[in-house]
1. Determine the shape class of the stretch 12-121: with a ≥ b ≥ c the square roots of the Cα gyration tensor eigenvalues, call it rounded for a/c under 1.5, and otherwise prolate if a/b is greater than b/c, oblate otherwise.
2. Arrange 158, 251, 596 by Cβ neighbour counts within 10 Å, fewest through most, would you?
3. Would you work out if the stretch 573-654 is rounded, prolate or oblate? Take a ≥ b ≥ c from the square roots of the eigenvalues of the alpha-carbon gyration tensor; rounded if a/c is under 1.5, else prolate when a/b is larger than b/c, oblate otherwise.
4. If you only keep lysine pairs separated by 8 or more in sequence, or across chains, how many in the stretch 249-298 come under 24 Å at the Cα atoms?
5. Going by how many other Cβ atoms sit within 10 Å of their own, how do 535, 98, 618 line up, fewest first?
6. Taking the radius of gyration and the Kirkwood hydrodynamic radius from Cα positions alone, what is the Rg/Rh ratio for the chain, to two decimal places?
7. Tell me the Kirkwood hydrodynamic radius of the stretch 130-228 in angstroms, computed as one over the mean inverse distance between distinct C-alpha pairs.
8. Please compute the modelled spin-label separation between residue 527 and residue 105, points set 7 Å along Cα→Cβ, answer in nm with one decimal.
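What follows draws every value from the coordinates through simple rules; no lab data is involved. Because the structure is a prediction, the values reported are computed rather than measured. Note that we place each Cβ from the backbone using ideal geometry, even for glycine, and neighbour counts take in every protein chain shown.
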Amino acid sequence: MLSAKDITIQYGERYLFREVSFTVGAHDRIGLVGSNGAGKSTLLKILAAISQADSGSINKARYVTVGYLPQEGITSTGKTLYKEAESAFEDVILVREEIEEVQRRMEELDPSSPDYMDTVEVFGELQLKLEELDAFRMKSRIEQVLSGLGFSEYDFERQTEEFSGGWQMRIEMAKLLLKEPSILLLDEPTNHLDIESLQWLDEKLQTYNGAVVLVSHDRAFLDSITKKTWALGLGKLEEYSGNYTFYEKERAVRREQQLNAYKNQQQQIKQTEQFIERFRYKATKARQVQSRIKQLEKIDHIEIEDDEEEIHFHFPQAKQSGSIVVEFKNIRKSYGSKHVFTSLNYSIERGDRIAVVGVNGAGKSTFVRMLAGVEPYDSGEIVTGYNVAPSYFAQHQAEELDLSSDVLGIVDSVATGDVRTKLRTILGAFLFRGDDVFKRVSVLSGGEKSRLALAKMLLQPANLLIMDEPTNHLDMKSKKVLQEALLEYEGTFVIVSHDRAFLDPIVNKVAEFSHGSVRNFTGNVSDYIYRKRQESEKSKTGVRGAQRNQSVTGERSADVSSKERRRMEAERRNTLSKELKPLKDELKRVESAISRMEGRRKEIEVVMGNPDFYRNGEDARKVSAEYKELESELDLKYFRWSELTEEIERIATRQ
């Protein structure tokens, strides 16, 4: 559907891309990954024809359309939200305008005239065209997409300029999804979504009738959507036939192979250079020396991408707080006529690791701002426990940094103890590397300022961490550093985030905000989503059993309802087990085969790594052929492994 050939972009002596070629199929689901600065956003812009490569070509069929969602910078003005979303249907709007013009023409013409009959025929053709464009479903489609992305019915008639930056990106995403381009290019689409909208988008993209190329730092989202991964690095693009989890495992395998090949090549180069040096001035070896020199010149040197240093960050030690950290008692909070909380009661205990979730506008950020003491409340009481030392991060704090200071100076001003000797390493974890640490805050981008504000906050001793969307501007490695630090953290924390893969290993409670109230769920975000789905299913089917028994006394009815629920749960587990068993059995067989084949591959690589390997040409050919066949079979096994794990997860989640 779309192909790129020999795409090259060069900055000075550095190649961002060097003769990169690839193809996007009609229904591909591709995750585009790579370290910051590898060129992910640039590549999307080239595919969207917003930027041009220095050389190479992009080819697509005439009927292929491309839609692009950038990370930020989109603003819509001058229309209501509904009218702005409606503009995605340009062809429908044009036909409707033509129909209105034809109707006006018909009113002016004599019904008995030939012109009138011709106009009636044109009117019928336009009506037919409108039907073919499915225009009569346009209203329901617009409402479905806007609602799915978190807009309320009240929002439909609001002017678009009233919406903030994050909501502006949702408006643009809604228009793209309504246009349904052949290829959808999405650059960090999850940054401004809550968990509910994220789940809706996940399901929407899985059934999208076209190709999707996706840049995201949300691992769970990538794993759910993508079936193929493109990895950018060292100016090259490598393809992997699986999602992000598959890519990570396969990348480790390929890197090991590459290291072996690199070592072999370096050994050969060393031996050749030693021969040249030894016989350079010997006349009888002059021809051989020249031959070896030419061999060296023709060698295509294997490049190894440097593995970034493993960074481990530990929070500064803080005094232990009391068992009750914070209590909200009958909190009332309004913004004008909008009542956020009318009687909020909530308690945070020492050791709580809470994920705050809920639709946008439910009060999540208001709650954490009141918790941090930066947002006043109308009435009620917030009681802070004994010895509580809070630390707060929100995106707006990036604007409060000292613009005259440099990056290193900002963190040095708050760091204490041994951590001061590791400041540059810690800044590296937040993507400030090399001379970046000497940049003035005044020249940093919005994302860089947010990362710096987060690093500053984490270096201050605290036993209560309050974080509002801390991962929005972090890459996978930075999130891993923060996640590992939070796993070891001994205090209490409250995090507003929609990143399930980041949250799941570190939280033990979920606080769901909805309609001015809060519900507590024990467990992580995946547990919360599973229980919400159970509740939804029970509201549709489980209640029927209780309704049939309403004539029985209240106590008896409760017993029957309880037994019915246990029976249904047992049936569900039994059905789930039967459905999953053959898939799990096959998964074990595939994993066993992969383990066996990987073992054989390592054996062959050891043999191939021997300098004498190529002396026996026939044996070398046989072993090389076996190795190539093994690689091909492993690719198929890896792909099947990815399919099976996705299917098992899908069924388990559905149930």
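1. Note, shape of the stretch 12-121 comes out prolate.
2. By the 10 Å Cβ count, ascending, the order reads 596, 158, 251.
3. Verdict is prolate for the stretch 573-654.
4. 11
5. So the residues, fewest neighbours to most, are 618, 535, 98.
6. 1.03
7. Result for the stretch 130-228, one decimal place: 14.4 Å.
8. Once both label points are built, they end up 6.8 nm from each other.
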